[in-house]
Amino acid sequence: MPIRAALVALVRNSDLNGIRSTIRQIDDRFNRNYNYPYILLNDKNFTEEFKEGIYAITKAPVQFGTLPDDHWGLSPYVTEEKVNSALEYNKNRYIYGGSYSYRLMCRYQSGFIHKHPLLQDLDYYWRIEPDVDYLCDIPYDPFRYMRDNGLMYGYTISPMEISKTVETLWDTTREWILKNQDLLPDESFIHWIVNEKGVYTRCHFWSNFEIVDLSLYRSEAYESYFQHLDRAGGFFYERWGDAPVHSIAAALLLRKEQIHWFEDIGYHHPGIWHCPDKPEMAARCVCKNPAGYMYRSICNRRFGEVNDIPKSQALLLAQM
Ligand code: GDP
Ligand code: MN
């Protein structure tokens, strides 16, 4: 059975060069053998120049989409006045602290991208971004690997979130957990996100690369969780990213065996990279930077160390 999957990016017209570079690398490293479609989404209309620039770089099918109006915008639960003062307050506190459009992007990628009509018939998406590098040959089909192994979520980089961007994210999550106990699975990987003292670890999967079985985001539990977060206003009053939101949801709703570290997919996004250090993996890569970061990353190591816990214990952690 063919796999219904695509490589998906949200981009601006100004990202043409950056996404051309990414697509070229993915084609060279993997997709020239598979021809999975690229789906490019934009809150504005794509220019002809943009489309031509993409058609010129890949032989794979490409679909361009704009966003349904009600998917991109201010949450109905926040007020403009409070958002403006939050932007002012946070502008020098952290990166993108004063950016309104960045917040729209994070809210979109958290709550709406999986509802885009062009993704309707997909079972999996692989999220890609402009200006990233794929450092290693990928001599197999990661989508098939996900399917054959019953995987729901795949990542390559796992850092720790900047605390000031998520000051109330865990407290808001705890409220949701305690109010929606019936939506929780019997066992989950939540201990990766919250330690034995009930403290949020800020561990997350860097969602600029993620390969996901979309039934995770389409689930009743995920939608309920997103709605709860949206109501709390933190996408705007703070700067909750789609990475910590997706990651908390994955840890809360999945078991460890459903989550996979693609250690062999060397990857660079401005700021952080992952180069595999195992000789059989490293042989397929061109890494200008040393291997290392992901082997030292506290969160990636925690991923290896912690295990699933039963729902009763998850509830106790949420009550602390
Ligand atoms: P960072 O990785 O957190 O530094 O954020 P990026 O600037 O890379 O943005 C994440 C993704 O969202 C990239 O694919 C961007 O092209 C896209 N993006 C960010 N802001 C906008 C926006 O205002 N409109 C659109 N269409 N895409 C955006
Ligand atoms: Mn980026």
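Remarks
- Residues that are away from ligand 2 (no atom under 16 Å from the Cβ) and part of a helix (DSSP H, G or I), drawn from region 150-166: SER163, LYS164, VAL166
- Inspection of region 179-196 finds a residue satisfying the criterion of being in a helix (DSSP H, G or I) and crowded, with 22+ Cβ neighbours inside 10 Å.
- Residue that is within 16 Å of ligand 1 (Cβ to nearest atom) and modelled with pLDDT of 95 or more, where the choices are TYR140, TYR125, TYR89: TYR125
- Residue list for region 224-279, restricted to those being under 22 Å from ILE26 (Cα atoms), small (Gly, Ala, Ser) and crowded, with 22+ Cβ neighbours inside 10 Å: ALA243, GLY266
- Listed conditions (1) within 16 Å of ligand 2 (Cβ to nearest atom); (2) among the charged types (D, E, K, R); (3) outside any loop (DSSP other than H, G, I, E, B) are all met by ARG147, apart from (1).
- Among the residues here, PRO117 qualifies as closer than 21 Å to PHE226 by Cβ and not small (Gly, Ala, Ser).
- Flag for TYR295 being more than 16 Å from ligand 1 (Cβ to nearest atom), buried (at least 22 other Cβ atoms within 10 Å of the Cβ) and free of Cβ contacts under 8 Å to residues at least 40 places away in the same chain: no
- Residue match in region 253-267 (condition: in contact (Cβ under 8 Å) with a residue 60 or more places away in the chain, more than 15 Å from PHE205 (Cα to Cα) and within 16 Å of ligand 2 (Cβ to nearest atom)): no
- Condition check for ASP133: under 27 Å from MET152 (Cβ atoms) and more than 13 Å from ligand 1 (Cβ to nearest atom): yes
- Filtered by the rule that a residue be surrounded by fewer than 15 Cβ atoms within 10 Å (Cβ to Cβ) and either of a type in the set (Ser, Thr, Tyr) or assigned to a helix (DSSP H, G or I) (or both), region 116-143 gives PRO117, TYR140.
- Selection over region 167-178 of residues that are part of a helix (DSSP H, G or I) and either farther than 20 Å from ARG218 by Cα or among the aromatic types (Phe, Trp, Tyr) (or both) gives a count of 8.
The values are calculated or read from the model by the stated rules, or taken from the named source; none is laboratory data. Only a predicted model underlies this, so the values are computations on that prediction, with no experimental measurement involved. Reconstructed Cβ throughout: ideal geometry from the backbone, glycine too, with neighbour counts over all protein chains shown.
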